[in-house]
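Notes to accompany the following structure.
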Amino acid sequence: MPSPRRFWCAISKPRCATSTPTRAVDNNGCKVSAEVKLAFDRASLAFGAKEILRNISFTVPAGQFLCIIGASGCGKTTALRLAGGLYTPTRGEVRLDGAPMRGPRADVAIVFQDYGRALLPWRTAAGNVSLALEAAGTPRAGRAARIEELLVLVGLAGQEKKFPSEMSGGMQQRLQIARCLAQNPSVLLMDEPFGALDAMTRQGLQDEVLDLVSRTGTTVVFVTHDLEEAIYLGDRVIGLLPHPGRVGIDVPVRLARPRSQLETREEPEFLRLRRELFDFIRESEA
C-alpha cells in the first residue's frame with residue numbers, strides 16, 4: 001500500500017481575500033510558499049457505522065491550486081464538501097483562515113459537475129449571476145455593472161439575455177463559475193466540473209480557469225478522476241486511498257506557468273508525474 005508523501009505548506013500572516021497575492025516561486029515558476037488558507041487537521045467523517053474519511057490532514061496555502069485524485073469511492077467529493085462546510089467532521093476539524101468551519105461560508109464557493117441542475121432554467125445568464133448578488137445583499141443599482149464584468153471575465157460577453165437551455169454545456173459551466181465568482185470567494189471548490197464536457201471544450205475551460213485564477217489569486221481545490229487534468233492544472237496533487245479515504249500521496253507539480261495544452265503535456269516531468277499517479281491509483285485499487 002502506498003505511504004503518504006510529505007505535506008507541502010508554509011505559514012505567514014493572513015491576507016485579504018480581495019488582494020492580489022504575492023506568489024513565491026521556484027526556478028520553474030511553481031509556487032513554493034504562502035500563508036495557510038485551508039487546513040484539514042485529522043478530519044474524519046462517518047455516516048453511522050460507515051467510515052468515509054479517516055484522519056485527513058493537509059494544508060492549502062493561499063493562492064494554491066490543489067487537485068485531489070483517487071479511485072472511485074475514495075471520498076474525494078466528501079472531502080470537498082467538508083472543505084465547503086456542507087459536512088461537519090465526526091472527529092478532527094477543517095479550518096479556514098485559522099478558524100474552524102462551522103457551516104457554509106459566503107467566501108467559499110462550490111462549482112459542481114452537474115451545471116444543468118445548478119443553474120435556474122427560468123433565469124437568463126444575467127439573472128443567474130444576479131442570484132448570488134441578491135443573496136449577498138448587493139444593491140440593485142450596482143448589480144448590472146458587476147454582472148457584465150463577471151460575464152466578460154468568463155468569456156460570456158453578449159450572452160446575458162440567453163437562458164441556460166440556449167447555451168452549450170461549456171457555456172453553462174462558465175455561467176456557473178461566473179455565479180460563484182459573484183460571491184467574491186477566497187476559496188473556489190470544484191467537483192469534477194469538466195467531466196461531462198467533450199475533450200476540446202474541457203481543455204479550453206481548463207485554460208480559462210488557469211487564466212482566471214492567475215488574475216484573481218483565488219485558492220482552488222479541484223477534484224478530478226483525470227490524472228492528466230490534475231497535473232496540468234495543479235500546483236500540487238493529493239491522492240486519496242479508499243475504504244476509508246486517507247491521504248496516500250501528496251506531490252508538488254513542478255511545471256512552469258503559464259501552461260500549454262500541447263507543450264506542457266509533452267514535458268518529461270509531466271510524463272513522470274502521470275506515471276507516478278497512475279501507479280498510485282493502480283496500487284490503491286489492488
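The values are calculated or read from the model by the stated rules, or taken from the named source; none is laboratory data. Since this is a predicted model, take the numbers as computed values, not measurements. All Cβ positions, even for glycine, are placed from backbone atoms using ideal geometry, and neighbour counts span all protein chains on display.
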- [ ] Determine whether the range 251-265 contains at least one residue that is modelled with pLDDT of 95 or more, hydroxyl-bearing (Ser, Thr, Tyr), under 29 Å from Gly204 (Cβ atoms) and touching a Leu at 6+ places or on another chain (Cβ under 7 Å).
- [x] yes
Open item on the list: Among the listed residues Gly239, Gly195, identify the single one that is out of contact with any Leu (no Cβ under 9 Å at 6 or more places or on another chain) and either under 20 Å from Ala83 (Cβ atoms) or crowded, with 21+ Cβ neighbours inside 10 Å (or both).
Closed with: Gly195
Task: Failed condition for Val152, given (1) over 30 Å from Arg257 (Cβ atoms); (2) loosely packed, with under 15 Cβ neighbours inside 10 Å; (3) outside the structural domain of Phe278 (by the TED database) - done: (1)
Open item on the list: Scan the range 263-274 and tell me whether some residue there is in the same structural domain as Arg215 (by the TED database) and touching a residue at least 60 places away in the same chain (Cβ under 8 Å).
Closed with: no
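Looking only at residues in the range 210-223 that are β-branched (Val, Ile, Thr) and surrounded by fewer than 23 Cβ atoms within 10 Å (Cβ to Cβ), which one is modelled with the highest pLDDT? First the steps, then the outcome.
Step one: filter the range 210-223 for residues β-branched (Val, Ile, Thr), giving 213, 216, 218-221, 223.
Filter once more, keeping what is surrounded by fewer than 23 Cβ atoms within 10 Å (Cβ to Cβ): 213, 216.
Values: Val213: 92, Thr216: 88.
Of everything passing the filter in the range 210-223, Val213 is modelled with the highest pLDDT.
Considering only helices (runs of 4 or more DSSP H) fully contained in the range 157-253, which possess at least 2 residues that are free of Cβ contacts under 8 Å to residues at least 40 places away in the same chain? Give the steps one after another, and end with the answer.
On the way: elements: 169-181, 199-216, 227-233.
Helices (runs of 4 or more DSSP H) meeting the threshold: 169-181, 199-216.
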